Amino acid sequence: MTLIGLAFGSFRRRFVARPALYTCILLAACAHPSGRVARSIDVRMASDTAELHRRSDGVSFDLLAQLRNNARASLFYFPCGAELQRDIDSEWITVWMPICIDRGSPATLAPRDSTSIVVSGEAFTVPNKLPRLDSRMVPGRYRLVVPLGFRSNGTGITDAVPVEKRASTPFVLR
């Protein structure tokens, strides 16, 4: 083999074979169930408004959301762990999270199925009661972020779905 042949072979291995490898890795990542599941999740609030009940020791609220799984894989959601985010200056800021001693076992939502989920919460202004009321939790535009996941490659491990894909449609908390 000539010197030019050796140089061309090295060039081909570095700049032709590697892009093919990178393409294969990219295609494999795009084919991962997380991409398909995340695009097929629909979290919608049952109403476009909800009440923030004021009490002497804090606030409480009750929310109803519809969760739809349009994917081919089962979706898992946890009974505890939903967050309430408020739109503050066009940025979603978490202003409420429950205290979950035990998240419990995830509930299963079969492919092409839907369910209703209720999230009831409280936040307190008095000492020794948790969760504390965030001063930014006032009437405004909110969304609910539901803890969702899916089983990855039959391993039994639940992978989280990206926040933007598990956030509800916006609603007004008044």
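The values are calculated or read from the model by the stated rules, or taken from the named source; none is laboratory data. Just so you know, these numbers come straight off a predicted model, no measurement behind them. Quick reminder, even Gly has a Cβ in these numbers, built from the backbone with ideal geometry, and neighbours come from all protein chains shown. Ligands, DNA and RNA are stripped out before the accessible areas are found, and what is left, the full protein with its side chains, is counted by its heavy atoms. Shrake-Rupley method; radii C 1.70, N 1.55, O 1.52, S 1.80 Å.
Quick notes
- Calculated FRET efficiency for the pair ASP87/THR108, C-beta based, R₀ 35 Å, to 0.05: 0.65
- Net lengthening on full extension, ALA160/SER74 (0.36 nm per residue, minus Cα-Cα): 29.7 nm
- Note that segment 59-142 presents 56 Å² accessible area per residue, ligands and nucleic acids not counted, probe 1.4 Å.
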